[in-house]
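S.K.: Dumping the structure here so I can ask a few things about it.
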């Protein structure tokens, strides 16, 4: 086989491997799409609107307590993540969690507290859709180690500290592991697949109309399955190059008067 052809085939193998199996895929598995400071500030500002205050008052007045009076809205927020269905599926490189909302605490004049759930609407907008009693997210976030994020498993009302390579259960109504125990991400993924594999979008529970995972999906760049059309296009291009190289190698040299001399493996040497 001619040297140019061998070189092209080797390049093809390297490129296809890099496209189909990105080397950093597994390294991203412990990450979540973290908020930058600007987006976090925008989420907190959305909690300071009259509409957000109305939602907080409605929550604080549930059950017949007195009107909350003046409200104090916190100037900080806690990003709360929830498990990503692609991580449950075991897709390579899938993040463990995706942002669910930013939790902002509201305090009534008598000390009662509620938490506004500020959810993203596209890339830049935020809206307050609900309020929960108490300040659970804020209190749990205070226990996190530097660099860890708060991850929820709503099906068991569970909260975890997500750190590189592991999760640690902080609290759960139906704990699957002892509270305070850390679990490697590979083991956690296997647990999730066993618990919820049939409840993912498109699965048996979804087809029956039963409650499963949230259908809404944020934009997350390249879809894992979209890598193969790119690989196919790359392969076609490389095959075309091989055919050209072979055709030139088999062609007999024909020199026109005054033509430039060209050296190459496909020409007879004089």
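Each value in this text was obtained by applying a stated rule to the coordinates, not by laboratory testing. Predicted model, so just to flag it, every value in this text is computed and none were measured. Counting neighbours? That spans all protein chains shown, and the Cβs are built from the backbone with ideal geometry, glycine included.
S.K.: Once the Cβ-Cβ distance between residue 133 and residue 91 is put in as r, and R0 is 41 Å, what FRET efficiency do you end up with, to the nearest 0.05?
M.R.: Efficiency, from the Cβ-Cβ distance: 0.70.
S.K.: Next question. Normalised by the number of residues in the stretch 87-182, what is the relative contact order in percent for Cα pairs under 8 Å and 6+ residues apart?
M.R.: 14 percent
S.K.: Here is a further query. Expressed in nm to one decimal, what extension gain is obtained for the pair residue 124 and residue 182 from 0.36 nm per residue of sequence separation less their Cα-Cα distance?
M.R.: 17.4 nm
S.K.: Sticking with this one: Mean separation of Cα pairs under 8 Å and 6+ residues apart, divided by the residue count of the stretch 34-219: what relative contact order is that in percent?
M.R.: Value for the stretch 34-219: 16 percent.
S.K.: For the stretch 34-219, list log₁₀ I(q)/I(0) at each q in 0.14 Å⁻¹, using the Debye formula over Cα point scatterers of equal strength and ignoring solvent, two decimals each.
M.R.: -0.85
S.K.: If each of residue 145 and residue 109 carries a label point 7 Å out from its Cα toward its Cβ, how far apart are those two points in nm?
M.R.: Taking the two extended label points, one gets 4.5 nm.
S.K.: Take residue 76, project a point 7 Å from its Cα along the Cβ direction, then tell me which residues of the stretch 85-122 have their backbone nitrogen under 15 Å from it.
M.R.: Once the point is set 7 Å along Cα→Cβ of residue 76, 103-106 turn out to lie under 15 Å by backbone N, inside the stretch 85-122.
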